[in-house]
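Below is one structure, written out as C-alpha cells, with a few remarks after it.
The values are calculated or read from the model by the stated rules, or taken from the named source; none is laboratory data. None of the values given here were measured: they were computed from a predicted structure. Reconstructed Cβ throughout: ideal geometry from the backbone, glycine too, with neighbour counts over all protein chains shown. Surface accessibility is based on the protein's heavy atoms, side chains included, excluding ligands, DNA and RNA. Shrake-Rupley method; radii C 1.70, N 1.55, O 1.52, S 1.80 Å.
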Amino acid sequence: MSGAPQLRCIMAQLDLLVGDVEGNTSDIIEAAHRAREEFNADLIMVPELAVSGYPPEDLLFHSGLRAQVARSIERLRSELRGIILVAGYPEYAGERIFNSAIVIRDGEVLANHRKACLPNYRVFDEKRYFTPGILPTVLDLNGIRAGILVCEDVWEPEPAARAREAGAQVLLVINASPYEVYKQTQRERDVVGRRVAETGIPLLFVNLIGGQDELVFDGNSFAMNARGEVTVRAPAFTSGLYPVDLEIDAGGAVQTRPGSITPLQQEEESIYCALVQGTRDYVDKHQFPGVVLGLSGGVDSALTLCIAVDALGAQRVHSVAMPSRYTSRMSREDAALQASWLKVQHSEISIEGMFEATLRALKDEFAGRAADTAEENIQSRCRGVLLMGISNKTGRMLLTTGNKSEMAVGYATLYGDMAGGFAPIKDCSKLLVYRLCAWRNAQSRVIPSRVLERPPSAELRPDQKDTDSLPPYEVLDPILEAFIEEDLSVDQIVARGFDRATVGRILDLVKRNEYKRRQAPPGVRVSGRAFGRDWRYPITNGYKSQ
C-alpha cells in the first residue's frame, strides 16, 4: 500500500430536526468545516435526507419546504470550500420528488444520485412521496472511483452491482436506517456484507442518529473492506465525525485502512440507549422544559423514571405518587426511595378525596350495580387529572408509563394512565421491562429491589394482581410477540405449545382494543413491529383469529 491515503472520508453522524431546513443546513456546514479543519478530510458524508430531516412525510408536499430546500442547496454550494460533500436531500424536479444524494465540491455539483429502491414496508412509505431513480452514479474522487447509494439501495443487490459494473471501486452509502433490536448485526452481516461479497469492493455506511416521533436512529456508521471485515465502526447513539481513510494498493484496488472499531452493544444496553435517545429528542425537539410522570412504586414507572433522568437530567424530572385506599405502604415507600436515589423532585398527592367525590356524584347512576372496572378506572382518571394539571401549569410534558403487553390487550385506562404526550416504554414487553430494570440496576442501583421482586399489580382494588386479569407474562408475552411481530395464526401459536383457548382470548383482546391504541401517545419503537407507524389494523372489523 502507499503511505498516505488517497481519500480521507468523514462519516458524520448527525442528529437533525425534520422540517428545520435552515438549521439542518447550518449543522451540515459546521460539520464540513470541522471535518476539514480538525481531520484534514477530503470528503464528508452526511445522512439520507439530511437537509430536510428524515422522514419528512407530507411536509414534502408543501411549496414552502421546496423553496427552503432550494435555498439550502445554494448555501451548501456557496459556503463550502476545500472539501467534497455527499449529502441527502429531497430533489424537486417538476411534479416529481426524488430522494437524492448530491455531491458538491467548491460550488460545483459533481453528481446527483437518485435513490433507486424505495422502501414501502413496515415504517416506510417512500413510494407515497418519491419517484425512483434509474442510472448508477459513479464519479472520480481524488483518483478513486466511488459509487453513490442511498439507504435501501444497498439492501437490494442491483444498485450495488450496477455501480460496480460502471467502474466503482468503493461504495459510499448515506442512510437513515431506524433502530430496532439486532438491526446493526443485520446491516453488517446480512445486508452490507452481502453487497461487499457480491461486488468485491469496500463500502462506507453513514447513518443518522436521533429520535423522530416513534423512530429512533442509532448511528453505528461503519466501513467494511473488500473481504467483508468491519474496519471502522462509530459508537451508537453518539453524534460525531468519524474518519475512514481510503487508499489504492499495489494491485490498483481500493482499501479501507483499519481504524477505531466501537464494540456492538449488547441487547439490553442497546434497547435502553434507544429509549433514552428517543425520549431526550422528543422532549428537547418539542422544547419542553422537562417532564412529569406518575411514580406508582411499580416496575413500569420505575423504569420510565430512570429513562427520563438519564435522558434529561434529574433537575428536569418531576415524579408524583398518587396513593389511594388500595395503595400499599410498600408502593409509597419504594416510590419515594427511588425518587430520592435519582434526586428528582417528588410529590405525593392522595386521590382519595377526588375518588370519593366522584363516587358520590355517580351514586345514583351506579345504584344497584356491583363495583367493577368502572371504579378502578375512576381512580386512574383521577390521577390523570392531577398529572395533566401539573403538566399544564409547569409546561412539563407528561410521560406515560404503560408497556407493550398492557397496550396490546387493553390493560390500560383511556384518559387515565394512558394520558400524556410520550410513552417511552410503549414498545417494551413486560418481561423486557424487567430485563431492562436489571440491566440499569447493574450500572448503578436506582430501582429498589422490592419493585422487581413483588408480583405486579395495578392496586385498584384489594389484593389485586395482574394475573387476576391476564395470563402470567411468561405466557402472555410470547403469544403477543408471535402474533404482533411474526403475524402467526392461532394454529401456529398453539403449535408452539400454548393453550388454544388462551391464545384465542389474547388475540381477541388485541383486536378489540385497537381503539385504545389509536388514542395512545407515541413512543419509542425498538422491536421489529411496534404499535404505531408499522401497525395499521382496522378499529372496526369482523376478522376471526384462526
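In the chain, helices alone account for a calculated mean residue ellipticity at 222 nm of -11000 deg cm²/dmol, with every DSSP H run of four or more residues adding -39,500 (n - 2.57).
Principal-axis analysis of the Cα atoms of the chain puts helix 267-285 at an angle of about 90° to the longest axis. Spin-label model, residue 370/residue 499: points 7 Å from Cα along the beta carbon direction are separated by 2.1 nm.
For residue 394, put the label point 7 Å out on the Cα→Cβ axis and report which residues of the stretch 263-306 keep their amide N under 13 Å from it. What the label zone holds, given the 13 Å backbone N cut-off, is 289-295. Between residue 361 and residue 20, the modelled labels are 4.1 nm apart [label points 7 Å from Cα along Cα→Cβ].
Once the Cβ-Cβ distance of residue 227 and residue 541 is raised to the sixth power relative to R0 = 51 Å, the FRET efficiency obtained is 0.50.
In this structure, the amide hydrogen of residue 84, modeled 1.01 Å from its nitrogen in the peptide plane, lies closer than 5 angstrom to those of 43, 44, counting only residues at least 5 positions away or on a different chain. Taking all Cα pairs closer than 8 Å and separated by 6 or more residues, the relative contact order of the chain comes to 12 percent. Expressed as a whole percent, the accessible area of the stretch 447-540 that falls on carbon and sulfur atoms is 50 (1.4 Å probe). Share of carbon and sulfur in the accessible area of the stretch 321-377 stands at 50%, probe radius 1.4 Å.
Distance from the Cα centroid of the stretch 34-51 to that of the stretch 180-209 is 20 Å (rounded to whole angstrom).
Its Kirkwood hydrodynamic radius, worked out from the mean inverse distance over all distinct Cα pairs, puts the stretch 181-246 at 12.4 Å. Apolar share of the accessible surface for the stretch 1-88: 46 percent from carbon plus sulfur atoms, 1.4 Å probe.
Solvent-accessible area per residue in the chain equals 41 Å², computed with a 1.4 angstrom probe and all protein chains kept. Of the chymotrypsin sites (Phe, Trp or Tyr not before Pro) in the stretch 378-449, the ones in a loop by DSSP (not H, G, I, E or B) with at most 16 other beta carbons within 10 Å are 415. Length gained on full extension, residue 474 to residue 512: 11.5 nm, using 0.36 nm per residue less the C-alpha separation.
Computed from the C-beta positions of residue 6 and residue 444, the FRET efficiency with R₀ = 30 Å rounds to 0.05.
Note on the stretch 360-420 and the stretch 74-104: Cα centroid distance 49 Å, given to the nearest whole angstrom.
When the surface is traced with a 1.4 Å probe over the full set of protein chains, residue 183 keeps roughly 20 Å² accessible. Listed cross-link partners 363/516; 183/343; 115/404 are compared with a 30 Å cut-off, the Cα-Cα value being larger for 183/343; 115/404. Anything over 19 Å Cα to Cα? Flag those among 430/465; 430/544; 511/544, in the order listed. Too far apart for the 19 Å limit: 430/544.
With contacts taken as Cα pairs under 8 Å at a separation of at least 6 residues, the stretch 293-345 carries a relative contact order of 46 percent.
Model label sites at residue 71 and residue 266, defined 7 Å from Cα along the beta-carbon direction, differ in position by 5.0 nm. Each residue of the stretch 171-184 was assigned a 3J(HN,Hα) from its phi angle through the Karplus expression (A = 6.51, B = -1.76, C = 1.60, θ = phi - 60°), giving 10, 10, 10, 9, 9, 10, 9, x, 6, 8, 4, 6, 5, 5 Hz with x at Gly and Pro. Taking amide H positions as modeled 1.01 Å from N, with prolines and chain starts lacking one, the residues under 5 Å from residue 231 and 5 or more places away or on another chain are 223, 224, 225.
The stretch 237-284 and the stretch 463-513 have Cα centres spaced 38 Å apart. Relative to the first principal axis of the alpha-carbon coordinates of the chain, what is the inclination of helix 21-39, with its axis defined by its Cα atoms, in degrees from 0 to 90 and to the nearest 10? Approximately 60 degrees, to the nearest ten. Based on C-alpha pairs under 8 angstrom that are at least 6 apart in sequence, the stretch 1-141 has a relative contact order of 20 percent. To the nearest ten degrees, helix 473-484 and the longest principal axis of the Cα atoms of the chain are 50 degrees apart. Between the beta carbons of residue 431 and residue 329, assuming R0 = 30 Å, the FRET efficiency works out to 0.65 to the nearest 0.05.
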